[in-house]
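A short worksheet on the structure shown next.
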Amino acid sequence: MSKVSFKPNEDRILVEPAAAEEKTASGIIIPDTAKEKPQEGIVVAVGEGTTDKPVTVKVGDKVLYGKYSGTELSLGGTEYLIMRNSDVFGTL
Amino acid sequence: MSKVSFKPNEDRILVEPAAAEEKTASGIIIPDTAKEKPQEGIVVAVGEGTTDKPVTVKVGDKVLYGKYSGTELSLGGTEYLIMRNSDVFGTL
Amino acid sequence: MSKVSFKPNEDRILVEPAAAEEKTASGIIIPDTAKEKPQEGIVVAVGEGTTDKPVTVKVGDKVLYGKYSGTELSLGGTEYLIMRNSDVFGTL
Amino acid sequence: MSKVSFKPNEDRILVEPAAAEEKTASGIIIPDTAKEKPQEGIVVAVGEGTTDKPVTVKVGDKVLYGKYSGTELSLGGTEYLIMRNSDVFGTL
Amino acid sequence: MSKVSFKPNEDRILVEPAAAEEKTASGIIIPDTAKEKPQEGIVVAVGEGTTDKPVTVKVGDKVLYGKYSGTELSLGGTEYLIMRNSDVFGTL
Amino acid sequence: MSKVSFKPNEDRILVEPAAAEEKTASGIIIPDTAKEKPQEGIVVAVGEGTTDKPVTVKVGDKVLYGKYSGTELSLGGTEYLIMRNSDVFGTL
Amino acid sequence: MSKVSFKPNEDRILVEPAAAEEKTASGIIIPDTAKEKPQEGIVVAVGEGTTDKPVTVKVGDKVLYGKYSGTELSLGGTEYLIMRNSDVFGTL
């Protein structure tokens, strides 16, 4: 889990997606576009939530989320996803 | 009912669909695409609900739900459905 | 009215549609696709309602509802309709 | 105003539309499809309303409503309209 | 301002549109379809409003409203517009 | 700022748009359709607001608003815009 | 950070976008249309918020926001973005 000085706004959370496998079992390197987008990640920062929409996940939580959830955000060379708390399906 | 260490978020529930019949009465094996998607399952995990949307089903409940409800989620090799509590039609 | 062990979720109700006439007055048998879908039925099970949407019909009520209301649900060989309480136009 | 044993659900009301003129002033009979749909009727039954949507018209009120308001409902051979209380423009 | 015995429902108001000019300054009679629809009128009846939507105009108010606001309503040979209170831009 | 006897309804405000420049720096007269629609104006009248939508600008405020905000309204020969309070981006 | 005498309305904030690089590392000047729109900026003014939508960022905050957030606003020759508080992903 990377360190990051970013404070998500309202009910948003910042997620570091799990790295997608870059080799198949037999050692074939998968080109970038063929890699399945990961749907699992670690929460690295959370907003304070709103009255209606409290944040229910914590920093460090391993979360699952939909394939098209969130917006990609590059911070210090690392790719994150910024998404709403309610985009999270649940925690592992 | 499988064991699973997954905590659904907000008003979501995790459902293990009932296995679809893989043979007809006369023993013919049905190819995968011809099997009717099951609409019956067992609740294996529930979220804590939200103020507006409490979770009304319990772990172990046998539930019926719509053909297109939920999102498929693979956990430890088993296929589950993650859905909203209100996607459940009712309990058997 | 059939017996059924099904508990509708939230503000849903389970309705057993009235049987459509299968013969015309002159005794001609109507093929299945020509039968008009009944819009009258008996409530056989009701959910507990939600804070915003209480259930206002009771088991045993004879209800009228729209032609396209509800989802068909087969329980123990009988065809029911599962619908929202507010889909009911009124009770006879 | 006809007698009818039907209890509208929630904020719905049952309206008996005023009969459309079937002859012109000169005595020509108007075929059914040429008759203008009446937009005036008598309230014959009202629901109990909901917390958010109380019923504001009473049985016996002569109401005006939009050309496409409500759903036709046949009860005991008479054609009624079942509509929401808020579909009523006002009372004469 | 005409007398009218009509009680608008909920947050509706009844407006008598100002007569459109039927002659140009030079005395040319404007055919009906060329007359610009008036957007000014007099409130002739008001509903009691709802909890969320109180009626803020009074009988006798000269109001301005949008070109496509309201529904035409003929009462005793006079053409009125029935509209929602919030369709009114303001009072002159 | 013009005088105007018009009371906007609910959360509406009346704005007098700033005059668009009719000549370029070199004295060329700009034809009407080529003039950029002004997005700056002076508030000349405000409604009383509603419970949910209070009016936050005052008469005399110089406001900025979106190019397509409001409806044109001609009062006593002057062109105004009637818009919702929330259409205002802010005050200068 | 520029000085600006502009008060955003309701839950809006005024953001000064970070300047996009106008030269590549090798000194090639990038034509205007090829410059990537910046998604990072400094909050230069904030509204007072509404009951439902309080403003959660402060003047001086370095914020990240979506590529298509806000409306461009030119004040005193500087280009700003006026956006809703909730358009902000978070603060750096």
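Can you pull out the residues in the stretch B:33-84 that are within 11 Å of the chain's Cα centre (by Cα), facing chain C (nearest Cβ under 10 Å) and either under 30 Å from A:Thr51 (Cβ atoms) or open to solvent by less than 20 Å² (accessible area, probe 1.4 Å) (or both)?
Of everything in the stretch B:33-84, those that are within 11 Å of the chain's Cα centre (by Cα), facing chain C (nearest Cβ under 10 Å) and either under 30 Å from A:Thr51 (Cβ atoms) or open to solvent by less than 20 Å² (accessible area, probe 1.4 Å) (or both) turn out to be B:Val63, B:Leu64, B:Tyr65, B:Gly66.
Looking at C:Val15, C:Val4, can you tell me which residue is more than 9 Å from every other protein chain (Cβ to nearest Cβ), open to solvent by less than 70 Å² (accessible area, probe 1.4 Å) and modelled with pLDDT under 90?
Matching residue, one of C:Val15, C:Val4: C:Val4.
Please count how many residues of the stretch C:68-92 are among the small types (Gly, Ala, Ser), touching a Phe, Trp or Tyr at 6+ places or on another chain (Cβ under 9 Å) and at pLDDT 95 or above.
Matching residues across the stretch C:68-92 total 1.
The values are calculated or read from the model by the stated rules, or taken from the named source; none is laboratory data. The model shown is predicted, which means the values in this text are computed figures rather than measured ones. Positions of Cβ are generated from backbone atoms using ideal geometry, with glycine treated the same way; all protein chains shown enter the neighbour counts. Just the protein is used for accessible areas: all its heavy atoms, side chains included, with ligands, DNA and RNA removed. Shrake-Rupley method; radii C 1.70, N 1.55, O 1.52, S 1.80 Å.
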